[in-house]
Amino acid sequence: MKLEQLAERVQSRTPLRLLVRWVAGIRASVHTKLLAAFLIVTSLFVAMALVSLQTIVSATHQSQLLDEAHEMVSLAQEGEHALARQMHYTDLALLSQDEVAIAKILRENNRFNDRLAKVEAAGTAERGLVEQIRSSQDEAMAVVADMANAIRDGKLGSVTGGLLRRQERLDTEITTHVGRLVTAQQDRMTRLRESVTAANRRSLILTGAFAVSAVIFALFCGFVISWSFILPVREAQGFLDKVAAGSFGGHISVPNRDEFGALAERMNHMSRELERFDIEQRHAAAELGRLNQQLAQTSKAKSEFLANMSHELRTPMNAILGFTEMVLDGLYGDVPTELKEPVADIQVNGRHLLRLINDVLDLSKIEAGRMDLALGEYSVREVVDIAYISLRSLAVEKGLNFVINVHDDLTVAYGDNGRLTQCLMNLAGNPIKFTKQGRVEIGVELVGSELIYRVSDSGIGIPKEELENVFAEFRQVDATVTREFGGTGLGLSITKKFVEMHDGRIWVESEIGKGCTFFFAVPLRTKGDSA
């Protein structure tokens, strides 16, 4: 289990969730809450530092007391040693009957009294015991004084026994009392040492417990504060995921009374607005779908109407052209000279009208889905030659240099040669129509498995901003061109549809004043597709 999952389970399944919600509900900014949490944690570590400092001070004081006790033990032991030397010199004085020994006794007595005075000044010895030692010591000094007087008077031999008995008794008393004093100081030092050890142990336990408690409390505060921020963030994330999935109108509920709470209110407002916009958009989409369906039905009806009407118009137009041609050929007798030119004009304009009718018929069939390709094997050179022969007279009439560029070794292709010829005638007819002087060229080359047909001219060119519109239906680049050269704007649109029916593509490259080049690429072996 990951740490994050464990934390989530702890906050969701323990009373901590209530505390998290309480912290979240505090009316304060996120900055204030974070600052408060930081100050709490900082206070804990400051308190831990103070406890540690107090522990160090206490340990230092205990060490000082232990040093003082050790010093008192040393003083008591030095006094005991001075007393032992004093008794030794006393015995020596009794044996040697020399006043020099008496002086040594007094020196050791002074040393003993000095150590005893320091122990007494420290206040660590029982006052009664010290008084007993001083009393016995004073009595011993009286014996020493008697010994000194006996030595000076030469009577030491007569009093030696009595002085010796007194001295032994006093030595025993003083030794006992001093031994008790040394033992008392050693016991005190032992107790202090045990006290220092216990105090250090207690300080270590207290410091460790406080440190662990401070860290746990800091983690507790961090856990509560962080989850009071994490919960609204997770709620917002889930809310935004639903919005991203297209589910509007949801509601986010967080207990926070800080920036997260304000953000939740804004998100709820956004959700309501999105739901309203979504409802409006759905209504608009439904209405648009209904209108599109009506437009599609209207367009289909229009295409059906154009297909029917174009067929009905083409039949009488062919009849008109047939009769005018028979009139011009003299089948109905000689035609007066003044009627030949009007009849010829009728025939020319009739053919022009027939081409327009054929274009409308083709477009309507394509839009109505009734146009099929007549696929078969064909010669690429033959397609180009047919287009060239059909348009050559018009190019010669305008004085244009009309040429073709086709390799003789091109293989036999598969497609609808009639429609491809129509495409070439549309692409080449426009430059011949719009080019006043210069050159028009038709070219074909095989690139991989594609045949790329090319028609280039040196005519007026097409602006760059109009290149994407040249293949649109009923669209001319400039209205003045239509007025000057004529046309319905269907030729390029029909050409594009025929190329796409061959699974091909068509495009144009042009620059104003430098002519343009139309390309269309079709597979060498077209699978074909109906409109």
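Close Cβ contacts (under 7 Å, 6 or more residues apart or on different chains) running from residues in segment 276-304 that are assigned by TED's automatic domain parsing to the domain that holds residue 357 to residues that are open to solvent by less than 80 Å² (accessible area, probe 1.4 Å) comprise 278/248; 299/367; 300/368; 303/364; 303/367; 303/368; 304/368.
For residue 388, state whether it is farther than 20 Å from residue 440 by Cβ and among the aromatic types (Phe, Trp, Tyr). Talk me through it step by step, then tell me what you get.
Working: farther than 20 Å from residue 440 by Cβ: no; among the aromatic types (Phe, Trp, Tyr): yes.
Considered against the rule, which asks whether it is farther than 20 Å from residue 440 by Cβ and among the aromatic types (Phe, Trp, Tyr), residue 388 comes out as no.
For segment 114-150, the tally of residues that are out of contact with any helix residue (DSSP H, G or I) (no Cβ under 7 Å at 6 or more places or on another chain) and more than 14 Å from residue 177 (Cβ to Cβ) stands at 7. Taken over segment 217-253, the residue count meeting the criterion of being β-branched (Val, Ile, Thr), touching a Pro at 6+ places or on another chain (Cβ under 9 Å) and open to solvent by 30 Å² or more (accessible area, probe 1.4 Å) is 0. Selection of first residues in segment 193-211 that are farther than 13 Å from residue 47 by Cα and of second residues that are loosely packed, with under 12 Cβ neighbours inside 10 Å and of a type in the set (S, T, N, Q), restricted to Cβ pairs under 7 Å at least 6 apart or on distinct chains, gives an empty result. Please find, within segment 489-515, the residue that is farthest from the chain's Cα centre (by Cα) out of those that are within 18 Å of residue 460 (Cα to Cα) and open to solvent by 70 Å² or more (accessible area, probe 1.4 Å). Among those that are within 18 Å of residue 460 (Cα to Cα) and open to solvent by 70 Å² or more (accessible area, probe 1.4 Å), it is 514.
The values are calculated or read from the model by the stated rules, or taken from the named source; none is laboratory data. Being a predicted model, the structure only gives us computed values, none of them experimental. For neighbour counting, all protein chains shown are included, and Cβ atoms are generated from backbone atoms with ideal geometry for every residue, glycine included. To get the accessible areas, we keep the full protein, side chains included, count just its heavy atoms, and leave off ligands, DNA and RNA. Shrake-Rupley method; radii C 1.70, N 1.55, O 1.52, S 1.80 Å.
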